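Everything below concerns the one structure shown next.
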Amino acid sequence: MSKLAKEMNRWVSRSMDRHVKLAVTGLSRAGKTAFITSLVNQCLHASTSDKLPLLSASREGRMIGAKRVPQSNLSIPSFTYDDGMDSLLSDPPTWPEPTRDVSELRLAIKFKPKSGVLKHFQDSATLFVDIVDYPGEWLLDLPLLDMDYLAWSKQQQANLTGHRKVLSEAWLQEAKQLDPLAPVDEKKLARIADAFTDYLHTCKNEKGLHWVQPGRFVLPGELAGAPVLQFFPFMFLHKYTEEELAKAKKGSNIAVLKQRYKHYQQNVVKKFYNDHFRHFDRQIVLVDCLQPLNAGENSFNDMRQAIDQLMHSFQYGKSSLLKRLFSPKIDKVLFAATKADHVTPEQHPNMVSLLQQMIYQTWQETAYEGIKMECMSIASIQATTAGMIDEDGEIFAAISGINTAQQPMMMFPGEVPKRIPSKAYWETEPFNFMSFQPLKNENDRPLQHIRMDKAIQFLLGDKLI
Ligand SMILES: Nc1nc2c(ncn2[C@@H]2O[C@H](COP(=O)(O)OP(=O)(O)OP(=O)(O)O)[C@@H](O)[C@H]2O)c(=O)[nH]1
Ligand SMILES: [Mg+2]
(Lines give C-alpha, C1' and ligand atoms only; values in the text may rest on other atoms or scores of the structure.)
(Ligands and ions follow the chains in the order given, each with its own letter.)
Protein backbone atom coordinates (compact mmCIF):
# COMPACT_ATOMS: atom_id res chain seq x y z
CA MET A 1 0.00 0.00 0.00
CA SER A 2 1.35 3.46 -0.83
CA LYS A 3 2.24 5.81 2.00
CA LEU A 4 -0.70 8.03 1.12
CA ALA A 5 -3.15 5.12 1.08
CA LYS A 6 -1.83 3.93 4.45
CA GLU A 7 -2.20 7.40 5.90
CA MET A 8 -5.71 7.66 4.45
CA ASN A 9 -6.61 4.30 5.94
CA ARG A 10 -5.35 5.34 9.37
CA TRP A 11 -7.28 8.59 9.23
CA VAL A 12 -10.48 6.87 8.14
CA SER A 13 -10.01 4.20 10.84
CA ARG A 14 -9.84 6.84 13.51
CA SER A 15 -12.91 8.70 12.31
CA MET A 16 -14.93 5.56 11.68
CA ASP A 17 -14.30 3.89 15.04
CA ARG A 18 -17.47 3.15 16.88
CA HIS A 19 -18.28 3.44 20.54
CA VAL A 20 -21.01 1.88 22.57
CA LYS A 21 -21.68 2.14 26.29
CA LEU A 22 -23.19 -1.13 27.43
CA ALA A 23 -24.76 -1.18 30.88
CA VAL A 24 -25.23 -4.45 32.73
CA THR A 25 -27.61 -4.57 35.65
CA GLY A 26 -29.84 -6.86 37.69
CA LEU A 27 -30.75 -7.31 41.34
CA SER A 28 -28.04 -8.73 43.65
CA ARG A 29 -26.83 -12.18 42.69
CA ALA A 30 -28.67 -12.02 39.34
CA GLY A 31 -25.42 -12.91 37.54
CA LYS A 32 -23.94 -9.54 36.48
CA THR A 33 -20.31 -10.37 37.27
CA ALA A 34 -20.61 -13.78 35.58
CA PHE A 35 -22.16 -12.16 32.50
CA ILE A 36 -19.47 -9.49 32.09
CA THR A 37 -16.66 -11.96 32.75
CA SER A 38 -18.07 -14.28 30.10
CA LEU A 39 -18.78 -11.45 27.64
CA VAL A 40 -15.19 -10.21 27.86
CA ASN A 41 -13.83 -13.76 27.70
CA GLN A 42 -15.94 -14.67 24.64
CA CYS A 43 -14.82 -11.49 22.85
CA LEU A 44 -11.15 -12.09 23.69
CA HIS A 45 -11.43 -15.55 22.10
CA ALA A 46 -13.82 -14.52 19.31
CA SER A 47 -11.32 -14.61 16.43
CA THR A 48 -10.47 -18.27 17.05
CA SER A 49 -13.67 -19.45 18.69
CA ASP A 50 -16.31 -21.67 17.15
CA LYS A 51 -18.54 -21.12 20.19
CA LEU A 52 -20.39 -18.03 18.94
CA PRO A 53 -22.41 -19.19 15.91
CA LEU A 54 -25.31 -16.84 16.69
CA LEU A 55 -23.05 -13.78 16.52
CA SER A 56 -23.00 -12.94 12.82
CA ALA A 57 -19.55 -11.29 12.85
CA SER A 58 -18.10 -14.48 14.34
CA ARG A 59 -20.07 -16.87 12.12
CA GLU A 60 -18.91 -14.94 9.04
CA GLY A 61 -15.28 -15.03 10.20
CA ARG A 62 -15.09 -11.23 10.51
CA MET A 63 -13.84 -11.02 14.11
CA ILE A 64 -10.14 -10.09 13.97
CA GLY A 65 -9.43 -9.83 17.70
CA ALA A 66 -10.28 -8.06 20.92
CA LYS A 67 -8.30 -6.62 23.80
CA ARG A 68 -8.91 -4.75 27.01
CA VAL A 69 -7.88 -1.10 26.85
CA PRO A 70 -7.78 1.59 29.57
CA GLN A 71 -11.30 2.69 30.50
CA SER A 72 -12.55 6.16 29.58
CA ASN A 73 -13.92 7.19 32.98
CA LEU A 74 -11.00 7.22 35.41
CA SER A 75 -13.10 7.89 38.50
CA ILE A 76 -15.05 4.62 38.31
CA PRO A 77 -13.46 1.46 39.81
CA SER A 78 -12.32 -1.07 37.19
CA PHE A 79 -14.24 -4.28 36.70
CA THR A 80 -12.03 -7.02 38.12
CA TYR A 81 -11.95 -9.41 35.16
CA ASP A 82 -8.65 -11.05 36.13
CA ASP A 83 -9.80 -11.88 39.66
CA GLY A 84 -12.98 -13.46 38.26
CA MET A 85 -10.99 -15.54 35.75
CA ASP A 86 -8.55 -16.64 38.48
CA SER A 87 -11.49 -18.03 40.49
CA LEU A 88 -13.02 -19.74 37.47
CA LEU A 89 -9.72 -21.32 36.41
CA SER A 90 -8.68 -22.39 39.92
CA ASP A 91 -8.81 -26.03 40.95
CA PRO A 92 -11.59 -26.68 41.86
CA PRO A 93 -13.21 -23.80 39.96
CA THR A 94 -15.14 -21.27 42.07
CA TRP A 95 -17.47 -18.34 41.29
CA PRO A 96 -16.20 -14.75 41.28
CA GLU A 97 -16.77 -12.77 44.51
CA PRO A 98 -19.96 -10.68 44.95
CA THR A 99 -19.57 -7.02 43.99
CA ARG A 100 -21.24 -4.02 45.59
CA ASP A 101 -20.66 -0.94 43.48
CA VAL A 102 -20.48 0.41 39.97
CA SER A 103 -17.47 -0.70 37.90
CA GLU A 104 -16.31 -0.37 34.32
CA LEU A 105 -14.18 -2.09 31.70
CA ARG A 106 -13.32 -1.04 28.13
CA LEU A 107 -12.98 -3.53 25.33
CA ALA A 108 -11.68 -2.83 21.81
CA ILE A 109 -13.08 -5.28 19.26
CA LYS A 110 -11.40 -5.31 15.85
CA PHE A 111 -13.51 -6.65 13.00
CA LYS A 112 -13.79 -6.71 9.21
CA PRO A 113 -16.65 -4.48 8.10
CA LYS A 114 -19.25 -6.28 6.05
CA SER A 115 -20.78 -3.55 3.99
CA GLY A 116 -21.39 0.15 3.57
CA VAL A 117 -18.91 3.02 3.77
CA LEU A 118 -16.54 1.24 6.14
CA LYS A 119 -15.97 -1.65 3.74
CA HIS A 120 -14.89 0.66 0.90
CA PHE A 121 -12.35 2.54 2.95
CA GLN A 122 -11.02 0.01 5.40
CA ASP A 123 -10.04 -3.59 5.83
CA SER A 124 -10.70 -3.39 9.56
CA ALA A 125 -12.64 -1.28 12.04
CA THR A 126 -12.72 -1.09 15.83
CA LEU A 127 -15.70 -1.12 18.12
CA PHE A 128 -14.96 0.27 21.60
CA VAL A 129 -17.33 -1.12 24.19
CA ASP A 130 -17.50 0.49 27.64
CA ILE A 131 -19.11 -2.12 29.85
CA VAL A 132 -20.61 -0.78 33.08
CA ASP A 133 -21.73 -3.03 35.94
CA TYR A 134 -24.16 -1.44 38.44
CA PRO A 135 -26.64 -2.78 41.00
CA GLY A 136 -30.25 -2.95 39.77
CA GLU A 137 -31.31 -1.89 43.28
CA TRP A 138 -30.22 1.64 42.38
CA LEU A 139 -32.96 1.83 39.73
CA LEU A 140 -35.58 1.15 42.40
CA ASP A 141 -34.96 4.68 43.70
CA LEU A 142 -36.22 6.48 40.59
CA PRO A 143 -39.74 7.16 42.01
CA LEU A 144 -38.18 8.95 44.99
CA LEU A 145 -37.45 11.84 42.65
CA ASP A 146 -41.16 12.40 42.24
CA MET A 147 -42.11 12.21 45.94
CA ASP A 148 -41.39 14.49 48.87
CA TYR A 149 -40.40 13.03 52.23
CA LEU A 150 -43.92 12.82 53.65
CA ALA A 151 -45.38 11.29 50.44
CA TRP A 152 -42.60 8.69 50.51
CA SER A 153 -43.28 7.95 54.19
CA LYS A 154 -46.94 7.45 53.39
CA GLN A 155 -46.06 5.04 50.60
CA GLN A 156 -43.71 3.07 52.87
CA GLN A 157 -46.49 2.81 55.43
CA ALA A 158 -48.90 1.45 52.81
CA ASN A 159 -46.33 -1.18 51.79
CA LEU A 160 -45.98 -2.68 55.26
CA THR A 161 -47.73 -5.98 54.59
CA GLY A 162 -46.77 -9.70 54.67
CA HIS A 163 -43.19 -10.45 55.73
CA ARG A 164 -42.40 -6.73 55.83
CA LYS A 165 -44.97 -6.11 58.56
CA VAL A 166 -43.54 -8.82 60.79
CA LEU A 167 -39.90 -7.88 60.17
CA SER A 168 -40.50 -4.17 60.77
CA GLU A 169 -41.54 -4.60 64.41
CA ALA A 170 -38.11 -4.03 65.94
CA TRP A 171 -37.27 -0.85 64.05
CA LEU A 172 -40.76 0.57 64.51
CA GLN A 173 -40.40 0.01 68.25
CA GLU A 174 -37.27 2.13 68.12
CA ALA A 175 -38.84 4.73 65.79
CA LYS A 176 -41.85 5.11 68.06
CA GLN A 177 -39.64 6.88 70.64
CA LEU A 178 -38.98 9.78 68.30
CA ASP A 179 -40.81 13.09 68.77
CA PRO A 180 -40.70 14.53 65.23
CA LEU A 181 -41.25 18.10 66.40
CA ALA A 182 -38.57 18.10 69.14
CA PRO A 183 -35.08 19.57 68.49
CA VAL A 184 -32.88 17.16 66.58
CA ASP A 185 -31.30 14.30 68.48
CA GLU A 186 -28.57 13.08 66.11
CA LYS A 187 -27.77 9.99 68.16
CA LYS A 188 -31.38 8.91 68.17
CA LEU A 189 -31.72 9.46 64.42
CA ALA A 190 -28.57 7.41 63.81
CA ARG A 191 -29.88 4.59 66.02
CA ILE A 192 -33.26 4.46 64.28
CA ALA A 193 -31.60 4.68 60.85
CA ASP A 194 -29.40 1.70 61.81
CA ALA A 195 -32.46 -0.29 62.89
CA PHE A 196 -34.21 0.63 59.62
CA THR A 197 -31.15 -0.44 57.58
CA ASP A 198 -31.00 -3.76 59.48
CA TYR A 199 -34.68 -4.28 58.68
CA LEU A 200 -34.04 -3.70 54.95
CA HIS A 201 -31.10 -6.14 55.01
CA THR A 202 -33.25 -8.78 56.72
CA CYS A 203 -36.01 -8.32 54.12
CA LYS A 204 -33.49 -8.87 51.36
CA ASN A 205 -31.20 -11.51 52.79
CA GLU A 206 -33.55 -13.63 54.88
CA LYS A 207 -36.82 -13.36 53.03
CA GLY A 208 -35.50 -12.87 49.50
CA LEU A 209 -37.47 -9.63 49.09
CA HIS A 210 -36.02 -7.56 46.28
CA TRP A 211 -38.09 -4.41 46.29
CA VAL A 212 -36.00 -2.57 48.85
CA GLN A 213 -36.04 1.22 49.06
CA PRO A 214 -33.89 3.30 49.33
CA GLY A 215 -31.61 1.06 47.25
CA ARG A 216 -28.34 2.50 48.61
CA PHE A 217 -29.22 1.44 52.15
CA VAL A 218 -28.57 -2.19 51.19
CA LEU A 219 -25.94 -1.51 48.53
CA PRO A 220 -24.28 1.73 49.62
CA GLY A 221 -21.15 1.43 47.46
CA GLU A 222 -18.83 4.31 48.38
CA LEU A 223 -21.53 5.87 50.62
CA ALA A 224 -21.27 3.23 53.37
CA GLY A 225 -21.51 4.99 56.76
CA ALA A 226 -22.17 8.46 55.28
CA PRO A 227 -24.77 10.66 57.09
CA VAL A 228 -26.78 10.94 53.86
CA LEU A 229 -27.90 7.37 54.57
CA GLN A 230 -29.05 8.23 58.10
CA PHE A 231 -32.72 8.78 57.52
CA PHE A 232 -35.85 6.61 57.48
CA PRO A 233 -39.53 7.06 56.63
CA PHE A 234 -41.71 8.58 59.35
CA MET A 235 -44.30 5.88 59.97
CA PHE A 236 -46.54 7.59 62.56
CA LEU A 237 -48.20 10.09 60.30
CA HIS A 238 -51.63 9.37 61.76
CA LYS A 239 -50.55 10.87 65.12
CA TYR A 240 -49.95 14.35 63.68
CA THR A 241 -51.83 16.62 61.31
CA GLU A 242 -50.17 17.44 58.01
CA GLU A 243 -50.08 21.05 59.10
CA GLU A 244 -48.17 20.24 62.27
CA LEU A 245 -45.56 18.29 60.32
CA ALA A 246 -45.33 20.89 57.57
CA LYS A 247 -44.75 23.67 60.10
CA ALA A 248 -42.09 21.80 62.06
CA LYS A 249 -39.27 24.15 63.11
CA LYS A 250 -35.92 24.21 61.37
CA GLY A 251 -33.61 21.95 63.36
CA SER A 252 -36.39 19.62 64.54
CA ASN A 253 -36.06 15.85 64.03
CA ILE A 254 -38.51 15.79 61.12
CA ALA A 255 -36.90 18.81 59.47
CA VAL A 256 -33.52 17.04 59.54
CA LEU A 257 -35.07 13.86 58.13
CA LYS A 258 -36.65 15.87 55.31
CA GLN A 259 -33.33 17.55 54.61
CA ARG A 260 -31.42 14.25 54.43
CA TYR A 261 -34.08 12.74 52.19
CA LYS A 262 -33.76 15.72 49.86
CA HIS A 263 -30.00 15.38 49.87
CA TYR A 264 -30.39 11.69 48.96
CA GLN A 265 -32.73 12.60 46.11
CA GLN A 266 -30.40 15.22 44.66
CA ASN A 267 -26.93 13.89 45.40
CA VAL A 268 -27.44 10.17 45.20
CA VAL A 269 -30.43 9.29 43.01
CA LYS A 270 -30.31 12.17 40.55
CA LYS A 271 -26.52 12.03 40.48
CA PHE A 272 -26.54 8.38 39.42
CA TYR A 273 -28.96 9.07 36.57
CA ASN A 274 -27.03 12.15 35.56
CA ASP A 275 -23.47 10.82 35.87
CA HIS A 276 -24.06 7.31 34.59
CA PHE A 277 -27.48 6.32 33.32
CA ARG A 278 -27.99 9.03 30.74
CA HIS A 279 -24.77 8.03 28.97
CA PHE A 280 -25.78 4.39 28.44
CA ASP A 281 -26.51 3.27 24.85
CA ARG A 282 -27.51 -0.32 25.47
CA GLN A 283 -28.80 -2.08 28.56
CA ILE A 284 -29.00 -5.72 29.61
CA VAL A 285 -31.15 -6.49 32.65
CA LEU A 286 -30.33 -9.88 34.15
CA VAL A 287 -33.11 -11.64 36.02
CA ASP A 288 -32.72 -14.74 38.14
CA CYS A 289 -36.28 -16.14 38.05
CA LEU A 290 -35.25 -19.45 39.58
CA GLN A 291 -34.14 -18.27 43.03
CA PRO A 292 -37.52 -16.62 43.85
CA LEU A 293 -39.33 -19.67 42.47
CA ASN A 294 -37.42 -21.68 45.05
CA ALA A 295 -38.02 -19.12 47.80
CA GLY A 296 -41.82 -19.03 47.41
CA GLU A 297 -44.75 -16.84 46.51
CA ASN A 298 -43.87 -13.80 48.63
CA SER A 299 -40.36 -13.60 47.21
CA PHE A 300 -41.53 -14.21 43.63
CA ASN A 301 -44.21 -11.50 43.74
CA ASP A 302 -41.78 -9.12 45.35
CA MET A 303 -39.29 -9.68 42.56
CA ARG A 304 -42.01 -9.01 40.00
CA GLN A 305 -42.72 -5.72 41.74
CA ALA A 306 -39.01 -4.86 41.70
CA ILE A 307 -38.65 -5.70 37.99
CA ASP A 308 -41.74 -3.66 37.25
CA GLN A 309 -40.25 -0.74 39.10
CA LEU A 310 -36.92 -1.16 37.41
CA MET A 311 -38.56 -0.97 33.98
CA HIS A 312 -39.72 2.59 34.63
CA SER A 313 -36.15 3.71 34.06
CA PHE A 314 -36.52 2.79 30.37
CA GLN A 315 -39.77 4.60 29.90
CA TYR A 316 -39.00 7.78 28.01
CA GLY A 317 -42.49 9.03 27.12
CA LYS A 318 -42.66 12.81 26.70
CA SER A 319 -43.94 13.42 30.21
CA SER A 320 -41.69 10.86 31.88
CA LEU A 321 -39.60 11.89 34.82
CA LEU A 322 -36.34 10.98 33.07
CA LYS A 323 -37.21 12.93 29.95
CA ARG A 324 -37.91 15.93 32.16
CA LEU A 325 -34.47 15.63 33.74
CA PHE A 326 -32.40 14.92 30.62
CA SER A 327 -32.42 12.91 27.37
CA PRO A 328 -31.53 9.28 27.97
CA LYS A 329 -30.14 7.43 24.95
CA ILE A 330 -30.72 3.72 25.50
CA ASP A 331 -32.10 2.25 22.27
CA LYS A 332 -32.01 -1.47 23.09
CA VAL A 333 -32.85 -3.34 26.29
CA LEU A 334 -32.31 -7.06 26.68
CA PHE A 335 -34.01 -8.90 29.53
CA ALA A 336 -32.13 -12.14 30.11
CA ALA A 337 -33.25 -14.97 32.38
CA THR A 338 -29.92 -16.10 33.78
CA LYS A 339 -28.53 -19.45 35.00
CA ALA A 340 -30.50 -21.42 32.38
CA ASP A 341 -28.13 -24.34 33.02
CA HIS A 342 -29.85 -24.83 36.41
CA VAL A 343 -32.70 -26.50 34.54
CA THR A 344 -32.93 -29.05 31.75
CA PRO A 345 -32.83 -27.62 28.18
CA GLU A 346 -36.49 -28.34 27.35
CA GLN A 347 -37.41 -25.91 30.20
CA HIS A 348 -35.57 -22.98 28.59
CA PRO A 349 -38.57 -21.82 26.50
CA ASN A 350 -40.63 -21.75 29.72
CA MET A 351 -38.01 -19.53 31.37
CA VAL A 352 -38.33 -17.09 28.48
CA SER A 353 -42.12 -17.08 28.50
CA LEU A 354 -42.21 -16.62 32.29
CA LEU A 355 -39.88 -13.63 31.99
CA GLN A 356 -41.92 -12.24 29.09
CA GLN A 357 -45.06 -12.49 31.19
CA MET A 358 -43.35 -10.64 34.01
CA ILE A 359 -42.45 -7.67 31.89
CA TYR A 360 -45.00 -7.75 29.07
CA GLN A 361 -47.83 -5.94 30.80
CA THR A 362 -45.75 -2.96 31.86
CA TRP A 363 -44.08 -2.93 28.48
CA GLN A 364 -47.42 -2.74 26.72
CA GLU A 365 -49.01 -0.21 29.03
CA THR A 366 -46.28 2.37 28.88
CA ALA A 367 -44.53 4.35 26.22
CA TYR A 368 -41.13 2.88 25.50
CA GLU A 369 -40.40 5.25 22.68
CA GLY A 370 -37.74 4.12 20.25
CA ILE A 371 -36.46 1.27 22.41
CA LYS A 372 -36.11 -2.24 21.04
CA MET A 373 -36.66 -4.92 23.63
CA GLU A 374 -36.07 -8.67 23.69
CA CYS A 375 -36.20 -11.54 26.19
CA MET A 376 -34.01 -14.64 26.17
CA SER A 377 -32.58 -17.25 28.53
CA ILE A 378 -28.82 -17.63 28.95
CA ALA A 379 -26.15 -19.23 31.08
CA SER A 380 -23.17 -16.88 31.08
CA ILE A 381 -20.88 -19.49 32.61
CA GLN A 382 -22.08 -23.04 32.43
CA ALA A 383 -22.04 -25.07 35.62
CA THR A 384 -23.90 -28.18 34.46
CA THR A 385 -24.18 -30.42 31.43
CA ALA A 386 -27.46 -31.78 30.18
CA GLY A 387 -28.11 -35.51 29.86
CA MET A 388 -30.61 -38.27 30.56
CA ILE A 389 -31.39 -40.38 33.66
CA ASP A 390 -32.64 -43.93 33.34
CA GLU A 391 -34.95 -44.67 36.27
CA ASP A 392 -36.34 -48.21 36.20
CA GLY A 393 -36.37 -48.18 32.43
CA GLU A 394 -37.91 -44.73 32.17
CA ILE A 395 -35.72 -42.06 30.62
CA PHE A 396 -35.75 -38.54 32.09
CA ALA A 397 -33.98 -35.34 31.12
CA ALA A 398 -31.42 -34.34 33.77
CA ILE A 399 -28.51 -32.03 34.48
CA SER A 400 -25.26 -32.97 36.13
CA GLY A 401 -22.54 -30.97 37.81
CA ILE A 402 -20.58 -30.50 41.01
CA ASN A 403 -22.68 -29.18 43.87
CA THR A 404 -21.52 -26.61 46.44
CA ALA A 405 -20.29 -29.43 48.73
CA GLN A 406 -17.99 -30.43 45.81
CA GLN A 407 -19.98 -33.63 45.20
CA PRO A 408 -20.96 -34.83 41.70
CA MET A 409 -24.71 -34.72 41.30
CA MET A 410 -27.28 -35.60 38.66
CA MET A 411 -30.86 -34.40 38.97
CA PHE A 412 -34.09 -33.22 37.39
CA PRO A 413 -34.66 -29.89 39.16
CA GLY A 414 -38.32 -29.51 38.19
CA GLU A 415 -40.47 -27.74 35.67
CA VAL A 416 -40.35 -24.00 35.23
CA PRO A 417 -43.89 -22.59 35.08
CA LYS A 418 -44.67 -21.10 31.69
CA ARG A 419 -46.85 -18.42 33.20
CA ILE A 420 -46.96 -16.45 36.43
CA PRO A 421 -47.78 -19.20 38.96
CA SER A 422 -51.29 -19.25 40.42
CA LYS A 423 -52.01 -19.44 44.17
CA ALA A 424 -52.61 -23.20 43.91
CA TYR A 425 -49.25 -23.67 42.23
CA TRP A 426 -47.35 -22.49 45.28
CA GLU A 427 -49.00 -25.04 47.55
CA THR A 428 -47.37 -27.93 45.70
CA GLU A 429 -43.81 -26.54 46.04
CA PRO A 430 -42.52 -28.22 42.90
CA PHE A 431 -39.18 -26.39 42.68
CA ASN A 432 -35.79 -27.56 43.67
CA PHE A 433 -33.19 -25.58 41.77
CA MET A 434 -29.73 -26.05 43.22
CA SER A 435 -26.47 -24.19 42.97
CA PHE A 436 -23.55 -25.81 41.20
CA GLN A 437 -19.88 -24.96 40.96
CA PRO A 438 -18.67 -23.74 37.54
CA LEU A 439 -17.52 -26.37 35.02
CA LYS A 440 -13.80 -26.81 34.62
CA ASN A 441 -12.52 -24.47 31.89
CA GLU A 442 -9.18 -24.28 30.07
CA ASN A 443 -7.13 -21.09 30.00
CA ASP A 444 -6.79 -21.14 26.22
CA ARG A 445 -10.43 -21.89 25.45
CA PRO A 446 -13.48 -19.65 25.88
CA LEU A 447 -15.75 -20.23 28.90
CA GLN A 448 -18.57 -22.68 28.30
CA HIS A 449 -21.91 -20.91 28.04
CA ILE A 450 -25.47 -21.11 26.75
CA ARG A 451 -26.59 -18.45 24.24
CA MET A 452 -24.07 -15.76 25.16
CA ASP A 453 -23.64 -15.37 21.38
CA LYS A 454 -27.35 -14.62 20.99
CA ALA A 455 -27.12 -11.98 23.72
CA ILE A 456 -23.99 -10.38 22.17
CA GLN A 457 -25.66 -10.38 18.75
CA PHE A 458 -28.65 -8.46 20.13
CA LEU A 459 -26.52 -6.00 22.10
CA LEU A 460 -23.62 -5.39 19.71
CA GLY A 461 -24.32 -7.27 16.45
CA ASP A 462 -25.46 -4.15 14.54
CA LYS A 463 -22.25 -2.33 15.52
CA LEU A 464 -20.11 -5.09 14.04
CA ILE A 465 -21.26 -4.81 10.39
N1 LIG B 1 -25.28 -22.23 37.09
C2 LIG B 1 -25.01 -20.95 36.91
N3 LIG B 1 -24.86 -20.18 37.99
C4 LIG B 1 -24.58 -18.88 37.78
C5 LIG B 1 -24.42 -18.31 36.48
N6 LIG B 1 -24.17 -17.00 36.63
C7 LIG B 1 -24.15 -16.75 37.96
N8 LIG B 1 -24.40 -17.88 38.66
C9 LIG B 1 -24.52 -18.05 40.12
O10 LIG B 1 -25.03 -16.85 40.67
C11 LIG B 1 -24.11 -16.31 41.61
C12 LIG B 1 -24.11 -14.81 41.51
O13 LIG B 1 -23.53 -14.46 40.28
P14 LIG B 1 -22.78 -13.06 40.10
O15 LIG B 1 -22.37 -12.98 38.68
O16 LIG B 1 -21.76 -12.85 41.14
O17 LIG B 1 -24.03 -12.09 40.36
P18 LIG B 1 -24.02 -10.52 40.58
O19 LIG B 1 -25.30 -10.03 39.99
O20 LIG B 1 -22.76 -9.92 40.06
O21 LIG B 1 -24.09 -10.45 42.16
P22 LIG B 1 -23.68 -9.22 43.11
O23 LIG B 1 -22.34 -8.75 42.67
O24 LIG B 1 -23.69 -9.82 44.47
O25 LIG B 1 -24.77 -8.21 42.90
C26 LIG B 1 -22.76 -16.95 41.27
O27 LIG B 1 -21.93 -16.97 42.38
C28 LIG B 1 -23.21 -18.31 40.81
O29 LIG B 1 -23.46 -19.14 41.93
C30 LIG B 1 -24.59 -19.18 35.36
O31 LIG B 1 -24.49 -18.79 34.18
N32 LIG B 1 -24.88 -20.47 35.64
MG1 LIG C 1 -21.37 -8.70 40.87
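The values are calculated or read from the model by the stated rules, or taken from the named source; none is laboratory data. This structure is a prediction, so every number in the text was calculated from the model and none was measured. Here the Cβ is made from the backbone with ideal geometry for all residues, glycine too, and neighbour counts use every protein chain on show. Note: areas computed on protein heavy atoms with side chains; ligands, DNA, RNA excluded. Shrake-Rupley method; radii C 1.70, N 1.55, O 1.52, S 1.80 Å.
Of the numbered conditions (1) touching a residue at least 24 places away in the same chain (Cβ under 8 Å); (2) within 17 Å of Trp138 (Cα to Cα); (3) surrounded by 20 or more Cβ atoms within 10 Å (Cβ to Cβ), Ala175 fails exactly one; give the number of that condition.
Only one criterion is unmet by Ala175, namely (2).
Pick from the range 335-374 the residues that are more than 16 Å from ligand 2 (Cβ to nearest atom), assigned to a strand (DSSP E or B) and buried (at least 22 other Cβ atoms within 10 Å of the Cβ): which of them is modelled with the lowest pLDDT? Working first, answer last.
To start, the set of residues in the range 335-374 that are more than 16 Å from ligand 2 (Cβ to nearest atom) comprises 335, 337, 340-374.
Filter once more, so that each one left must be assigned to a strand (DSSP E or B): 335, 337, 372-374.
Next, only the ones that are buried (at least 22 other Cβ atoms within 10 Å of the Cβ) stay: 335, 337.
On the way: Phe335: 95, Ala337: 98.
The extreme case among them is Phe335.
Look through Thr99, Thr48 and report the one residue that is more than 16 Å from ligand 1 (Cβ to nearest atom) and of a type in the set (S, T, N, Q).
Thr48
Considering every residue within the range 246-266, establish whether at least one is open to solvent by 70 Å² or more (accessible area, probe 1.4 Å) and closer than 27 Å to Phe458 by Cα.
no
Here are some residues: Thr80, Thr33, Thr37, Thr99. Which one is open to solvent by 20 Å² or more (accessible area, probe 1.4 Å), closer than 21 Å to Ser377 by Cβ and within 12 Å of ligand 2 (Cβ to nearest atom)?
Thr33
Of the numbered conditions (1) touching a strand residue (DSSP E or B) at 6+ places or on another chain (Cβ under 8 Å); (2) more than 20 Å from Thr338 (Cα to Cα); (3) free of Cβ contacts under 8 Å to residues at least 24 places away in the same chain, Lys463 satisfies every one except a single condition; which is it?
(3)
When you look at Phe111, is it open to solvent by less than 10 Å² (accessible area, probe 1.4 Å), near ligand 1 (Cβ under 9 Å from one of its atoms), out of contact with any Pro (no Cβ under 9 Å at 6 or more places or on another chain) and touching a residue at least 12 places away in the same chain (Cβ under 8 Å), yes or no?
Taking the combined requirement at face value, the residue does not satisfy it.
What is the residue count in the range 433-453 for residues that are farther than 20 Å from Leu89 by Cβ and open to solvent by 80 Å² or more (accessible area, probe 1.4 Å)? Spell out how you get there, then give the answer.
Taking the range 433-453 as the starting set, the residues that turn out to be farther than 20 Å from Leu89 by Cβ are 433-434, 451, 453.
After this cut, where a residue has to be open to solvent by 80 Å² or more (accessible area, probe 1.4 Å) as well, the list is none.
Number of matching residues: 0.
Please name all residue pairs, on different chains or six or more residues apart, with Cβ atoms under 6 Å, provided the first residue is in the range 307-329 and is within 18 Å of Lys271 (Cβ to Cβ) and the second residue is open to solvent by 40 Å² or more (accessible area, probe 1.4 Å).
Sorted first by the residue in the range 307-329, then by its partner, the pairs are Leu321/Asp146; Phe326/Arg278; Pro328/Arg278.
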